[in-house]
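The values are calculated or read from the model by the stated rules, or taken from the named source; none is laboratory data. These numbers were taken from a predicted model, which means no experiment stands behind them. All Cβ positions, even for glycine, are placed from backbone atoms using ideal geometry, and neighbour counts span all protein chains on display. Note: accessible area is taken over every heavy atom of the protein model, side chains too, but ligands, DNA and RNA are not part of it. Shrake-Rupley method; radii C 1.70, N 1.55, O 1.52, S 1.80 Å.
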Amino acid sequence: MGISLGPNQYGKAEVRLVTVRRTGGVHHLRDLTVSSALRGDLSATHLTGDNSAVLATDTQKNTMYAFAKQQDVGEIEDFALRLGRRFVDTQEKITGARVSVEEREWDRITVDGAPHAHSFSSSGGERRTTTVTVHPDRAWVVSGVDGLVVLKSTGSEFHGYPKDEYTTLAETDDRILATAVTARWRYEGFTGIDWAKSHREIRRTLLETFATKHSLSLQQTLYAMGEAVLLARPEVAEIRFSLPNKHHFLVDLSPFGLENHNEVFYAADRPYGLIEGTVVRDEAEEPGPAWTDAVL
Ligand SMILES: O=c1[nH]c(=O)c2[nH]c(=O)[nH]c2[nH]1
């Protein structure tokens, strides 16, 4: 009977990293969660406990902190690429590094109409994300957004679905449509991309399309959002979505002798429909490992 070691990787997950940069009296805050995963010839540690090729996960964490001190973090894509290259370039047995960064935004608190120098608030749970994979000779970048919560109170219908003996859902030509967008997009030929602008424009396109597309299903809205991003952003090869359908059910007010003209809803948190899909450019390059590895 033969037994062998299969695919493996290791690293430090979810390193919480907050930086404060000061320009005069004004503080600039960054709030990151960073994860690393290294691959390579790691059979020795698994088979014999020989750790000579194992850059400790503690060292990986410390590298993240040290890099954040030595150079301005900058765009999360650039920070992740610097870290990935460090691990691959300095460790002989490491042939692949995946670095993921999630950023939470803090807004300046307004005091007497002016942005405060060192006090911040964070409203929604939205995060900007990136996952880069670095090999000795090339790298791949997959960026995205998590928890972008959107709702439209009309402009959404759902009907025409099959009815069987278990169907109770009523057809509707006017419902609330709400979701928390998780999206991942992969970049092609990524040198020279303005990461911040690309993210900002993709986010704007997602929001505008959600708002303006008259929806016959969340699936149709998913495709429309993906198509709009690919039409607007040539640097994006493919975009993937995970969209929980945050159901808003009409409350039956008839026991109280009241009519409900789409005014009073019960917002259910579970179960939820989960609509997932990918929109891809015909001529897109084959996806790299960062795409296959990126879990939504
Ligand atoms: O947009 C929707 N897609 C579905 O697949 C679905 N299924 C369901 O019950 N409600 C909805 N809404």
Calculate for the chain the 222 nm mean residue ellipticity that helices alone would give, adding -39,500 (n - 2.57) per DSSP H run of length 4 or more and normalising by residue count, nearest 500 deg cm²/dmol. -7500 deg cm²/dmol
Provide the three semi-axes, in whole Å and in decreasing order, of the ellipsoid equivalent to the chain as defined by the square roots of 5 times the Cα gyration tensor eigenvalues. 40, 26, 19
Span from the segment 205-263 Cα centroid across to the segment 13-77 one, whole angstrom: 37
Cβ neighbours within 10 Å, averaged per peptide: list 208-217, 166-175 in order, most packed at the top. 208-217, 166-175
Using alpha-carbon positions, the gyration tensor of segment 24-95 gives root eigenvalues a ≥ b ≥ c; with a/c under 1.5 called rounded, otherwise prolate if a/b exceeds b/c, else oblate, the class is prolate
Expressed as an acute angle from 0 to 90° and rounded to the nearest 10, what is the orientation of the C-alpha long axis of helix 218-232 relative to the principal long axis of the chain? 50
What does the C-alpha gyration tensor say about the overall shape of segment 64-168? Classify as rounded when a/c is under 1.5, otherwise prolate if a/b is larger than b/c, or oblate. oblate
Taking only protein heavy atoms and a 1.4 Å probe, what accessible area per residue, in Å², does the chain have with all protein chains in place? 56
Test of understanding: in a Gaussian network model of the chain with alpha carbons linked when under 10 Å, which of Leu253, Leu17, Leu55 would top the mean-square fluctuation ranking? Leu253
Env charge @ Val236, Cβ radius under 14 Å, K,R +1 / D,E -1, value -1
Against the longest alpha carbon principal axis of the chain, how many degrees, from 0 to 90 and to the nearest 10, is the axis of helix 57-70 turned? 90
Cα shape, segment 8-135, gyration tensor, a/c 1.5 rule: prolate
Taking the chain as a Gaussian network, where each spring joins two C-alpha atoms under 10 Å apart, which residue of Trp140, Trp106, Trp185 fluctuates the most? Trp106
Against the longest principal axis of the chain, how steep is helix 195-212, in degrees 0 to 90 to the nearest 10, with axes from Cα atoms? 10
If you build a Gaussian network model of the chain, linking Cα atoms that sit under 10 Å apart, which residue out of Phe241, Phe256, Phe158 swings the most? Phe256
